[in-house]
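Data first, discussion second: the structure below is written as structure tokens.
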Amino acid sequence: MDYKIPKLTVDGALIENNSILLIKRKNNPYKNNWALPGGFLEYGEKAEVGVVREIYEETGLKTKVSDLFGVYSDPNRDPRGHTVTIVYLLNRISGVVKGGDDASDARFFSLDDLPSLSFDHDKIIEDIKRRF
């Protein structure tokens, strides 16, 4: 039997001084729109390793996972098909913020003044704000 299986992604939430790190997407879908940094998990990779890798590739920051925040699985959250994302809270270890890899830009935005966001990242950030 041939089963359709959702793809697994990881997203990272790095919050400092009431601001959250976002990236400007370089590619479709949502090209030139803002999103949480993250991406597809590689085969054989632990999710906690994948999110740290993705954050480094897209923002230039070395981070570590502080906590698992949540899992978002709406089949319509990504126009490319069904994806499930694991969202982690992160702490910065080192680095200077700069866009890289799939991100044309990366910067911190005040949690009280966010740009329009891609995917369901507005919902994720609202959930984060409610928790903290």
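The values are calculated or read from the model by the stated rules, or taken from the named source; none is laboratory data. Note that this is a predicted model, so its numbers are computed, not measured. Cβ atoms come from the backbone with ideal geometry, glycine included; neighbour counts cover every protein chain shown.
Rundown of residues vs (1) crowded, with 16+ Cβ neighbours inside 10 Å; (2) in contact with a helix residue (DSSP H, G or I) (Cβ under 6 Å, 6 or more places away or on another chain), yes/no style:
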{"position": "T63", "(1), (2)": "yes, yes"}
{"position": "D78", "(1), (2)": "yes, no"}
{"position": "I93", "(1), (2)": "no, no"}
{"position": "K98", "(1), (2)": "no, no"}
{"position": "L114", "(1), (2)": "yes, no"}
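Within region 22-44, is even one residue modelled with pLDDT of 95 or more, small (G, A, S), under 17 Å from G95 (Cβ atoms) and more than 9 Å from the chain's Cα centre (by Cα)?
Taking every residue of region 22-44 in turn, none turns out to be modelled with pLDDT of 95 or more, small (G, A, S), under 17 Å from G95 (Cβ atoms) and more than 9 Å from the chain's Cα centre (by Cα).
Residue pairs, Cβ under 8 Å, 6 or more apart or interchain, first in region 66-83 and acidic (D, E), second part of a loop (DSSP other than H, G, I, E, B) and surrounded by 11 or more Cβ atoms within 10 Å (Cβ to Cβ). List them.
Filtered contacts from region 66-83: D74/D120; D78/P29; D78/F119.
Identify all residues within region 19-48 that are buried (at least 18 other Cβ atoms within 10 Å of the Cβ) and either in contact (Cβ under 8 Å) with a residue 60 or more places away in the chain or among the acidic types (D, E) (or both); write none if there are none.
I20, L21, L22, I23, K24, R25, W34, A35, L36, P37, G39
Could you grab the pairs with beta carbons closer than 6 Å, sequence gap of 6+ or different chains, first residue in region 3-18 and surrounded by 22 or more Cβ atoms within 10 Å (Cβ to Cβ), second one among the hydroxyl-bearing types (S, T, Y)?
T9/T83; T9/T85; D11/T85; G12/Y88
Suppose the filter is within 21 Å of K123 (Cα to Cα), at pLDDT 95 or above, small (G, A, S) and not in a loop (DSSP other than H, G, I, E, B); does G50 pass it?
Here the answer is no, as G50 does not meet what is asked.
Going through S118, S73 one at a time, which residue ends up being buried (at least 18 other Cβ atoms within 10 Å of the Cβ), among the polar types (S, T, N, Q) and closer than 29 Å to I5 by Cβ?
The conditions single out S118.
Which of the following residues is at pLDDT below 95 and not β-branched (V, I, T): D74, D67, D102?
Result of the check over D74, D67, D102: D102.
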